[in-house]
Amino acid sequence: MSDGVEWAVHCCTVLAALSDGEALPAARLAEYHEVPPAYLAKHLQATTAAGITASVSGPRGGYRLARPANEITLLDIVVAVDGDDTAFRCSEIRQRGPSVSADPAAYRKACHIARAMWKAEEAWRAELARTTVADLFAEVVTTVPEDVLVKGAEWIQEVQVRRRSRP
């Protein structure tokens, strides 16, 4: 999984804290997380193309969630940023080397390693599909120390106040 997935999940969790109609620019989200702005913008564009975030233009524009946080799953974000390819790709190395079988029937069924990996991926994807941005936001609110939450909320409010005061 790429760093972009982590960045996008964190950004969506921050965006879940915004009031209706508010948005944060990609550059400010990059600043908040101390990640490269150009790379983050690329990942936010991918989440926008997938209908997870919405891009708002203009001097008070930026990004916001495109739908309620409880309707956005971690799997949605992973697929938007990294694509829907399987994590494990079987290259059939069992058909090489000294123990190779001359009988093609020996390879009709996927090998036990590939089956185990695909089964694990199914479980992983199911868990990601069950976990929403709202779940993550609720966990942040209940587990992060209060002083850290206050600093984050103050930062978001400061950004919003400065943006509202622009002509």
Pairs, first more than 21 Å from residue 154 (Cβ to Cβ) in the stretch 25-37, second in a helix (DSSP H, G or I), C-beta under 9 Å, six or more apart: 36/30; 37/26; 37/27; 37/29; 37/30; 37/31
Residue pairs meeting the criteria (Cβ under 9 Å; at least 6 apart or on separate chains; first farther than 23 Å from residue 138 by Cα and at pLDDT below 95, in the stretch 58-81; second of a type in the set (A, V, I, L, M, F, W, C) and in a strand (DSSP E or B)): 62/24; 62/56
Residues of the stretch 154-167 satisfying the condition of being in contact (Cβ under 8 Å) with a residue 60 or more places away in the chain and under 14 Å from residue 28 (Cα atoms): 155, 156, 159, 160, 163
The stretch 81-102, residues that are of a type in the set (Ser, Thr, Tyr) and in contact with an Asp or Glu (Cβ under 7 Å, 6 or more places away or on another chain): 86
The stretch 53-71, residues that are surrounded by 12 or more Cβ atoms within 10 Å (Cβ to Cβ) and over 19 Å from residue 42 (Cβ atoms): 60, 67, 69, 70, 71
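Listed here are the residues, each with its yes/no results for (1) surrounded by fewer than 14 Cβ atoms within 10 Å (Cβ to Cβ); (2) part of a helix (DSSP H, G or I); (3) over 28 Å from the mean Cα position of the chain (by Cα).
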position	(1), (2), (3)
94	no, yes, yes
98	yes, no, yes
102	yes, no, yes
117	no, yes, no
122	yes, yes, no
128	no, yes, no
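Quick one: in the stretch 40-52, which of the residues that are of a type in the set (A, V, I, L, M) and farther than 11 Å from residue 133 by Cβ is surrounded by the fewest Cβ atoms within 10 Å (Cβ to Cβ)?
49
Please pick out the residue among 85, 147 that is surrounded by fewer than 16 Cβ atoms within 10 Å (Cβ to Cβ) and either closer than 27 Å to residue 19 by Cβ or in contact (Cβ under 8 Å) with a residue 12 or more places away in the chain (or both).
Unique residue meeting the criteria: 147.
The values are calculated or read from the model by the stated rules, or taken from the named source; none is laboratory data. Given the structure is predicted, the values throughout are model-derived calculations rather than measurements. Quick reminder, even Gly has a Cβ in these numbers, built from the backbone with ideal geometry, and neighbours come from all protein chains shown.
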